[in-house]
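What follows is calculated from the coordinates using simple rules that are stated; it is not laboratory data. Given the structure is predicted, the values throughout are model-derived calculations rather than measurements. Counting neighbours? That spans all protein chains shown, and the Cβs are built from the backbone with ideal geometry, glycine included.
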Amino acid sequence: MVIGLNHYLILAAALFLTGAAGVLARRNTLIMLMGVEIMLCSVNIVFAAYSRALGDMSGHVFVIMNFAIAAAEAAIGLAILVAIYRIKRSVNADELNSLKE
Amino acid sequence: MEAVLFYLFGALLLGGAIAAMTSRSAVAAVVWLIFAFVNAAGIYALLAAPVLAILQILIYAGAIMVLFLFVVMMLQGPTLKSELKSIGDRKWWLPVGAVLVALLNWMHGVSLEGFTNDAPAGFGEIKGVAELLLNKYMITFEMISLVLLVAIIGAVALASNKKGMPW
Amino acid sequence: MVVDRRDFSVNFLIALLITNKELASRKYARLRVIYIWFDAGEAAFMAEQFVPLLLVISLALIFALLFLGLSYWLGPKKASKLKKTVYECGIPVRGGIEIRFFIRFFLVALLFLLFDLEAVFIYPWAVMYQSMLDGGRMIFALSEMGVFVGILVVGLVYVWKKGALEWQ
Amino acid sequence: MTANLMAILPYLVLAGGALLVMLVDSFVKSMRKDHLSNLSLLVLLGSLVAQQFTQQYSSDLFAGLLATSKFTFYMNTLFVAIALLTVNYASSLYSRSSSFSSEFYPLILLATLGMCLMAAATDMLVLFIAIEMMSMAVYLMVAGNRKSIKSVEAGFKYLILGAFASAILLMGMALLYGQTGSTLYSSFAAVSSSGGLMTSLAVGLLLIGFGFKIAMVPFHMWTPDVYDGAPSHITGFMATGVKAAAMAAMIRIVWVLIPQVSVVWAPLIGVLAVLTMTIGNLVALAQSNIKRMLAWSSIAHAGYLLLGLMTLLKPTSDSAVLSVVADNAGGALLFYLLAYAVMNLGAFGIISYLAKNRGEEADNIERYAGLSRTRPLVAASLAIFMFSLAGIPPTIGFAGKFYIFEGVVKAGMIPLAIWGVVNSLLSAYYYLRIIIVMYMKDPEESSYKGSSWETAFATSVLAIISVLLGVIPAPIRDVAVAAFKSLGQSG
């Protein structure tokens, strides 16, 4: 029972799909944002795993940058959600329909 | 030992993520996600990346998810009424399932062997990250502060309570 | 079976329980099995410095679950209508369970998150600073961090002057 | 180090300018907010001037993380010009509107910086941070009118799908990093000739990620809603700037990975190009909202761009003769980005000009009735832009399409070229409908009337440019070819 690169890649792929499914299928905008966070987390695992396999640390730098970007993205997303809520009193994606014809 | 830890952390991480994505209540989703991200830190530790493990807990579990929890509490009750009946669109589960099946199929032929190399000495330590970040990737180091600046402007633009705004 | 003293993680576990001499005796054969099991993947296992941490966490978890389970199992359970209500300082509960925060808290939390990230990037710089000084690159090190912090200071000034930090 | 800093002077001007605008906004209290827009215009002009002076420093910078060349010079000039026009539109819009948002100015400067860095990046990490810098600023600009539910909703929609696309793009980058062991583009060449399944997957994910940004079918779902919800001047910025930046980054990355892309993905790109232009044009036929119509038309134009990209992939299999074809195809692609920017910015400028104040957009096509009588100059400009978008000579749109289709024919893909031309004819119907409404119908009480001369002036200049470059496109086209050539031989 030795753990190698492909184990991590498969874990990351499953995680990525979980996050993607959440973004696509859920109607709760907050959970959709969380889905994006899961996807980014899975990418980070891929970077870390390759970094370990290659013995090269630039993957780690990439991951740290991703942390910052994920945080900034979450911050902006939540700020926009709060702005929506102030007008509409709802964060349900089905009720965000002012753009339909 | 490593295998045990990998399967433990991996299962908890994946389980936490799935639980978060399928829970009806947003509060529960946040708590599950915090749980999942703590386990992701364990995965980083297994990958000989202690710095990432610490930062994962510090940033994701500590800051981002707390902000999420904050907004969840601020914006709504535990559950959306429309999601009581079924969580989400059924039609999306199909393509995701198809990709999953393709992945499993591909996994079938994949060799599951260990890492062929040992990590070099000093791998994953803060010193190495700092070396790269401040020398080779110097320009991205400055760029990221501009990205944070954009987010700060956004926070002020969207969330500050300018005069005349109720609540 | 010889106990490898170099292995910190295993010794940590054993030191909690017994001495090496005892381990060698037949009486503790079962512990040896645990030891061998720990040893199996050790060659490829890079992060052994985390094992003590893991042990502490799992001990905490086991004890917490143990006592929770015990109190659930042993404690008397008599449900009544009053008991099922939410406890709110003894006053009858009013309104829903959603808690509404004032928007100011959100803005502060948002800004905290963003400025918190700054610290993440300052930390590697602090680690590198001494070796950069030794390499005669002080100006470089200082200007690099100066620009980084300077940009975010402009952000802080902006936030401040825009009145986002005012609490009225 | 000094040479490095000198070479990125235009970028430094933009970054410093954004900080300066923020400081001025913090400390200078003034009733009229013109000073911010004037300062932003000054910063953008400064960046343009700095471009001119730093061409001599063309090289790889910062250990290969950035590369400036004629290509970045061309693209940066385009981005900065787009930003200049957008600031112009915004300042006249804000000066007559009650609610004013000063956050727009630093955001557009930072978004422009992100675009410029996207074109200059030769490293995946730099590219990703640049994309995020641009995208986040644009999300916020779209949601900028926070009292209008449409604007905020569009902002969220764009954010969630943009973040989704970024995650996919990032996954592609991670896999590519794993295959090459480096984040530098220059290391891709080694793997791209011998790449296996994993590299193909990585490239596919990258294409999906970029496909979202340029609104490629089937990743176009967000486009109509977001373009409709955003304030018009920002829609113009998105439609032209974001698309051009994503295309520039895509050209750069694809150009290094050509063997890999062309073997596995080129046929698929061809199919997607056809689908993109056809669906875009067909749905645009049915729109009664001009912003939604232009959104679908922008999807169709993404299809033409993909067609150009496709020709780029085809001919590199052998000799030098074919590489000339590639240069011309690449030049055509860059020229098309410029042409698209000119005509689309003009059209959105006029929509923004006709809006009474923020939040109330001039988007109903019926209410353009009789514009030729109330505002003859504006109506004439809009007519020129519509002719140009439809690709009718002698306009810049025609020249752009001509070069693209010429490349397609030369690469031996004649059915694709024919299909492109058929699509252009199809699109003429909905573009010309607006001209008919403007010129054939009488003005009504509800018809739009604009009021600011700055925007009218800027759009007339754009109209003149689009005719002028339509008549003599060759000089600019040569510049575009030279710019493309400066990317060097593909791996």
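Brief remarks follow.
- Selection from C:Val153, C:Leu107, C:Val120 lying farthest towards where the dipole of segment C:103-162 points positive, charges on Cβ: C:Leu107
- Per-residue HN-Hα couplings for segment D:280-290 [Karplus 6.51, -1.76, 1.60; θ = phi - 60°; Hz; x = Gly/Pro]: x, 5, 5, 5, 4, 4, 8, 8, 10, 9, 5
- Derived scalar couplings between HN and Hα for segment D:114-127 equal x, 4, 4, 5, 4, 6, 8, 5, 10, 9, 5, 5, 4, 4 Hz in order, rounded to whole Hz, by the Karplus curve 6.51 cos²θ - 1.76 cosθ + 1.60 (θ = phi - 60°), x for Gly and Pro.
- Local electrostatic count, B:Ile144, Cβ distance below 12 Å [Lys/Arg +1, Asp/Glu -1]: -3
- For segment A:66-81, backbone phi angles converted through the Karplus equation (6.51, -1.76, 1.60; θ = phi - 60°) give residue-by-residue couplings of 5, 4, 4, 5, 4, 5, 5, 5, 4, 4, 5, x, 5, 4, 5, 4 Hz, Gly and Pro being listed as x.
- Radius 15 Å from Cβ of D:Thr395, net charge of other residues (Lys, Arg +1; Asp, Glu -1): +2
- Built amide H within the under 5 Å cut-off of D:Asp123, gap 5+: D:Tyr185
- Cα gyration tensor shape of chain B, rounded if a/c is under 1.5, else prolate or oblate by comparing a/b with b/c: oblate
- Long-range HN-HN contacts of D:Arg375 with modeled amide H, under 5 Å: none
- Peptide C:161-167 - average C-beta neighbours from other chains (10 Å radius): 5
- Amide H within-cut-off set for D:Asn364, under 5 Å, with H built and near neighbours excluded: D:Ile290
- Rounded to the nearest 20 debye, dipole of segment A:5-90 from Cβ charges on Lys, Arg, Asp, Glu: 500
- Exposure proxy ranking for C:Trp160, D:Trp265, C:Trp73, based on other Cβ atoms within 10 angstrom of each Cβ and starting from the fewest, stands as C:Trp73, C:Trp160, D:Trp265.
- The dipole here belongs to segment D:2-489: it is taken about the Cα centre, uses +1 on the Cβ of Lys and Arg and -1 on the Cβ of Asp and Glu, and is about 540 debye.
- Taking A:Phe47, A:Phe62, A:Phe16 as the candidate residues, the one with maximal mean-square fluctuation in a Gaussian network model of chain A, Cα springs under 10 Å, is A:Phe62.
- Counting charges near D:Met250 (Lys, Arg +1; Asp, Glu -1) among other residues having Cβ under 12 Å from its Cβ returns a value of +3.
- Rounded to the nearest 20, the Cβ-based charge dipole of segment D:441-485 about its Cα centre (Lys and Arg +1, Asp and Glu -1) stands at 340 debye.
- Loop-located trypsin sites (Lys or Arg not before Pro) in segment A:53-101 (DSSP state not H, G, I, E or B) with no more than 12 neighbouring Cβ atoms inside 10 Å: A:Arg89, A:Lys100.
- Averaged over the residues of B:95-103, the number of partner chain Cβ atoms lying within 10 Å of the residue Cβ comes to 3.
- With neighbours defined as other Cβ atoms within 10 Å of a residue's Cβ, the residues B:Ile153, B:Ile54 order from fewest to most as B:Ile54, B:Ile153.
- Helical runs (DSSP H, four residues minimum) scored at -39500 (n - 2.57) apiece and divided by the length of chain B put the mean residue ellipticity at 222 nm at -20500 deg cm²/dmol.
- Fewest-first ranking of A:Val43, D:Val256, using other Cβ atoms within 10 Å as the exposure measure: D:Val256, A:Val43
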